[in-house]
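Notes follow the structure.
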Amino acid sequence: MMQFMLLFSRQGKLRLQKWYSAQPDKTKKKITRDLVATILTRKPKMCSFLEWRELKIVYKRYASLYFCCAIEQSDNELLTLEIIHRYVELLDKYFGSVCELDIIFNFEKAYFMLDELMLGGEVQETSKKNVLKAIAAQDLLQEDEAVEGALREIGLI
Amino acid sequence: MPSTPTRLRDLIRQIRAARTAAEERAVVNKECAYIRASFREEDSQWRCRNVAKLLYIHMLGYPAHFGQLECLNLIASPRFTDKRIGYLGAMLLLDERQDIHVLITNSLKNDLNNPVQFIVGLALCTLGAIASPEMSRDLASEVERLLKSTNAYLRKKAALCAFRIIGKVPELMEMFLPATRSLISDKNHGVLITGVTLIIEMCERSPDTLIHFKKVVPSLVRILKNLIMAGYSPEHDVSGVSDPFLQVKILRLLRVLGHNDAEASEAMNDILAQVATNTETSKNVGNAILYETVLSIMHIKSESGLRVLAVNILGRFLLNSDKNIRYVALNTLLRTVHADNSAVQRHRATILECLKDPDVSIKRRALELSFALINGSNIRVMMKELLAFLEKSDAEFKAQCSSGIVSATERFSPNRRWHVDTLLRVLIAAGNFLRDDVVSNTIQIISESASLQGYAVGQLWRAPLAQVASWCLGEYGDSLINGHTNASEQEEPVIAGEDEVVDFIQGILSSSQSTIVTKQYALTALTKLSTRFSVTVGRIEDIVTSFGTHLNVELQQRGIEYAQLFTKHVALRPAIMERIPPMEHKTSHQGLTNGSSGGNGFSNGDDDMLMDDLNSFTTTSITSHSAPATKDSNSLLNLLGGLDNFDNGPAPMVTSSKASTAPSASNLDLLDLLGGLDLSGSTTLSSAPPPITTPTGSTSSSLVNNNLANLLSSPTTQMSAAIPPSSNFLIDGFLGTAPTPPPKLQNVTAYDKNGLRVDFSFDRPVDNPNLVIVTLTASSSYGSTLCDFLFQAAVPKTFQLQMMPASSTVINSGIPVTQVMRILNPTRAVLKMRIKLSFSRDGIAIQDQDEVKNLPSALWQ
């Protein structure tokens, strides 16, 4: 099971954090700080895996953004790279060639996307199409509500 | 009511525009103040926007807990937009330890029954992320209902919720079992993968469930077969592989089901072989599946052919251009090398090739694996590669690699000569990065093998290995002169003149690159050589004397001490500078695991063989008399220590036997005698390994030596009387671990008032000297009956106090009440104790407090 996923920039700024196991806030901050520092100092030719406490850390850099997952000993690190890649593909499809700014300004959307791909630290959907369909349908629900709200405001309904 | 709040987008811009951390803080603080105010006014119109902003602020690391309740309000709103942000906030700001969960459980329950699938989906997702045991119990039945839903979107989410719930409360597993079984006959891949995940969790948590699910093996095999055989399906394709996520999960479940089960393993052998041979390996994704397949093959009772196939896959991985795959392969091989050594051996060449990898993590794995592969038959080949690696590797690998080589050679060396050669090559290649164990190990090997001592000197002569070379020259330098430096008759002996040897050592002594420790080695070697050489003794004396003014205190002292051996005590020199007898052979593999050989007192000294020699220099002695004695006194102590250890008998006995030989001699003779005695003793007492024990710090050793020196210089009549108590102390100081018999502890009256008397008796278990067991005995002093007896005690924070229940609460005359307290005193601090007593006498309740003052100091010493 994935324990957590962190997205951070090359400058070490956290862009997204998803914790699948309960931790006190202080611990989360410490873990984040430690890992960001460790990963940023690794050279590009090093492999994508770290042994860290009881966990295996799998990370991969996409443009200016690092995707970092902590998995358990029995999990498959090569497949975790695929999960990261799948998430990037989904974001890419959704935003249309995603960049760091998309994720900064639409961080909630990035979370929504992750929550349709994974649940409780495990993959819940292996079809890209299904994930995007679910997100689109929920966005539509929101839009309908926005339109409805606007119409109500100007007194049309 | 404030005007329209800043939009999320604008806030992010503002924060990003901040040029300093202080500026950013100011923007955030201002916004937080605004958001708080808005929350206080229960403004529901902008709540959603405010919470979203707060979540961004939270990600930047600012406190945002005050938004927790607002998230709950959002969740309770009928609008989907509100719920979406509300649940997101709940997942980010709450976790399972929050009391607020009672409130969220109700909202979750409502939403799990909502007709809109996406609202149910949000609730399931949140439950899966933050479910606590209480929530799990309250909502398990809802999840179970959704697990049977006709909607696949909800089924898969419910399955992972169930996975989380079982993780929190394993007893709830039972209720999910029937619905889970049907999940893996689903068509939808999302439901399939979540179903398999759920089954894995169940099987790992309960052996009964594991047996229950053995029957799904054929279905799993069928699904896997369809995946690898079916043609291209765009929906689940990942670079030519059909749904790798699902494949890997199924392989994992097969591994769990087939573990230690021949029948289940038999059923999956074929499909594992098919996956192993049919998977496209040009991309990471195919290798991810192969990797999982290999793990499954290794874990179940698979056919031997399949296991070979698995190891071969890993062998292919080692040749892969992707470093991640190489890393995974080395890691997996490292785990299987003990089970399938011969299969892994076949990839030895590839593994050795990985030593040249640019990635340090891969290099490190390859090195570990290489050491695991060494055996008696391949050690020569392996060593050649490892030595080549050692020569070229970075500093960080040198220590690890050299120690690994030392322990491997110790176990598998074909012969002594080769062993010594290899060790010398390690010393040359790793140089200053060596761990101390390598130096001491080498010296020990040389010391042990009499036939090679001359050879070693010949090899070391002029080698850039100052410490080992100095030691060997000091011990066996005469063979250089005699020409006994060839290991066999065929070889040409190395011969050098006395002056050359002295020049060489002088070079070490005067070089600015030699460390103090190296110079200590060299100076001792030189002094030792003075007894082996004939014509250069004068030169040696000059050099040694010149160190009497050296800036370094250790060297200066050594210079002065040794100079004494050339002037005042010249007669003593030959005896003191005798060759060190062969060091006792230690059990193999100890080179790396320092001193773990068990309870005997000298185990830690064992590995620091060299230090022993050194220690005779670092010892600070006060009088010039004692200077020459230092070495032998050390040895004497060693002997005593050794004997003490072997006999486990009381030290004084040993000491007195030594002392009995002494009386007639004068002080100096006594020294000599003891020295001689020590040396002869070391050969006759075969059970006592002579120069072994090493005090860890020079302070302790100087203390010991001073004591001994005092003892030795005291009149002989006093000696036998003086020795026993202090020798006890000597050995204590030396061995550190020698148990002392616990002193008899006096009983103490802790309280004697109001007709109640409380006595303490103490016990300190030998195996745990930090523990004091206090047994209190409460008796009635006037013969009246005391009721409701309650005794409480308090000790300083550094102690741990455990109170056992009292034998009774009623104290009858003549029948005292006892109660046990266990006090743990890890810091050996002074024990203080306050006590509080309450009891009733003749119906009158009495309470009193007191401090126990007269606790014996032996309790903490």
B:Val285 open to solvent by less than 10 Å² (accessible area, probe 1.4 Å), over 28 Å from B:Val337 (Cβ atoms) and more than 33 Å from the chain's Cα centre (by Cα): no
Some residue of region A:29-52 being out of contact with any strand residue (DSSP E or B) (no Cβ under 6 Å at 6 or more places or on another chain), of a type in the set (Gly, Ala, Ser), within 8 Å of chain B (Cβ to nearest Cβ) and outside any strand (DSSP E or B): no
Test: residue in region B:209-229 that is at the interface with chain A (Cβ under 10 Å from one of its Cβ atoms) and either touching a residue at least 60 places away in the same chain (Cβ under 8 Å) or not small (Gly, Ala, Ser) (or both): no
Region A:5-23, residues that are assigned to a strand (DSSP E or B) and within 15 Å of B:Leu94 (Cα to Cα): A:Gln17, A:Lys18, A:Trp19
Hits in region A:3-23 (condition: more than 10 Å from every other protein chain (Cβ to nearest Cβ), farther than 19 Å from A:Leu91 by Cα and among the small types (Gly, Ala, Ser)): A:Gly12
Residue count for region B:161-179, restricted to those that are under 42 Å from the mean Cα position of the chain (by Cα) and more than 9 Å from chain A (Cβ to nearest Cβ): 12
Options B:Lys392, B:Lys356, B:Lys384, B:Lys363; residue that is within 14 Å of chain A (Cβ to nearest Cβ) and either out of contact with any Phe, Trp or Tyr (no Cβ under 9 Å at 6 or more places or on another chain) or open to solvent by 40 Å² or more (accessible area, probe 1.4 Å) (or both): B:Lys356
Tally, over region A:114-137, of residues that are touching a helix residue (DSSP H, G or I) at 6+ places or on another chain (Cβ under 9 Å), more than 11 Å from A:Tyr87 (Cα to Cα), assigned to a helix (DSSP H, G or I) and facing chain B (nearest Cβ under 8 Å): 3
One residue from A:Lys60, A:Lys26, A:Lys56 being more than 9 Å from every other protein chain (Cβ to nearest Cβ), in a strand (DSSP E or B), open to solvent by 50 Å² or more (accessible area, probe 1.4 Å) and not β-branched (Val, Ile, Thr): A:Lys60
Odd one out for A:Asn106, checked against (1) under 11 Å from the mean Cα position of the chain (by Cα); (2) more than 7 Å from chain B (Cβ to nearest Cβ): (1)
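For region A:78-107, enumerate the residues that are of a type in the set (Asp, Glu) and open to solvent by 30 Å² or more (accessible area, probe 1.4 Å).
Of everything in region A:78-107, those that are of a type in the set (Asp, Glu) and open to solvent by 30 Å² or more (accessible area, probe 1.4 Å) turn out to be A:Glu89, A:Asp92, A:Glu100, A:Asp102.
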Among (1) over 25 Å from A:Arg152 (Cα atoms); (2) within 12 Å of chain A (Cβ to nearest Cβ), the one test that B:Val51 misses: (1)
The one condition in (1) of a type outside the set (Lys, Arg); (2) part of a helix (DSSP H, G or I); (3) modelled with pLDDT under 75; (4) in contact with an Asp or Glu (Cβ under 8 Å, 6 or more places away or on another chain) that B:Thr524 fails to fulfil: (3)
Among residues of region B:189-230, those that are open to solvent by 20 Å² or more (accessible area, probe 1.4 Å) and closer than 17 Å to B:Pro244 by Cβ, counted: 7
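Among the residues that make up region B:28-39, is at least one of them open to solvent by 40 Å² or more (accessible area, probe 1.4 Å), over 44 Å from the mean Cα position of the chain (by Cα) and within 11 Å of chain A (Cβ to nearest Cβ)?
For region B:28-39, residues open to solvent by 40 Å² or more (accessible area, probe 1.4 Å), over 44 Å from the mean Cα position of the chain (by Cα) and within 11 Å of chain A (Cβ to nearest Cβ): absent.
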Residue tally, condition within 24 Å of A:Gly120 (Cβ to Cβ) and either within 11 Å of another protein chain (Cβ to nearest Cβ) or open to solvent by 20 Å² or more (accessible area, probe 1.4 Å) (or both), over region B:54-80: 8
Hits in region B:819-830 (condition: open to solvent by 10 Å² or more (accessible area, probe 1.4 Å) and not β-branched (Val, Ile, Thr)): B:Gln819, B:Arg822, B:Leu824, B:Pro826, B:Arg828, B:Ala829
Selection count where residues are touching a Lys or Arg at 6+ places or on another chain (Cβ under 9 Å), more than 9 Å from chain A (Cβ to nearest Cβ) and either open to solvent by less than 10 Å² (accessible area, probe 1.4 Å) or not small (Gly, Ala, Ser) (or both), scope region B:236-263: 7
Wholly enclosed helices (runs of 4 or more DSSP H) of region B:266-357 bearing at least 2 residues modelled with pLDDT under 90: B:304-319, B:323-336, B:341-345, B:348-354
Enumeration of residues in region B:322-339 that are surrounded by fewer than 20 Cβ atoms within 10 Å (Cβ to Cβ) and either among the small types (Gly, Ala, Ser) or more than 27 Å from the chain's Cα centre (by Cα) (or both): B:Asp322, B:Lys323, B:Ala339
Subset of region A:69-103 (residues that are within 11 Å of another protein chain (Cβ to nearest Cβ) and of a type in the set (Asp, Glu)): A:Asp75, A:Glu77, A:Glu82, A:Glu89
Among residues of region B:160-183, those that are assigned to a loop (DSSP other than H, G, I, E, B) and either open to solvent by 10 Å² or more (accessible area, probe 1.4 Å) or basic (Lys, Arg) (or both), counted: 0
Close pairs from region A:74-96: first closer than 15 Å to A:Phe4 by Cα, partner surrounded by fewer than 21 Cβ atoms within 10 Å (Cβ to Cβ) and aromatic (Phe, Trp, Tyr), Cβ under 9 Å, at least 6 apart: A:Ile84/A:Tyr62
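The values are calculated or read from the model by the stated rules, or taken from the named source; none is laboratory data. What you see is a predicted model; the values in this text were computed from it and never measured. A quick note on method: Cβ atoms are made from the backbone with ideal geometry, for glycine too, and the neighbour counts reach across all protein chains shown. These accessible areas exclude ligands, DNA and RNA; they are computed on the full protein's heavy atoms, side chains included. Shrake-Rupley method; radii C 1.70, N 1.55, O 1.52, S 1.80 Å.
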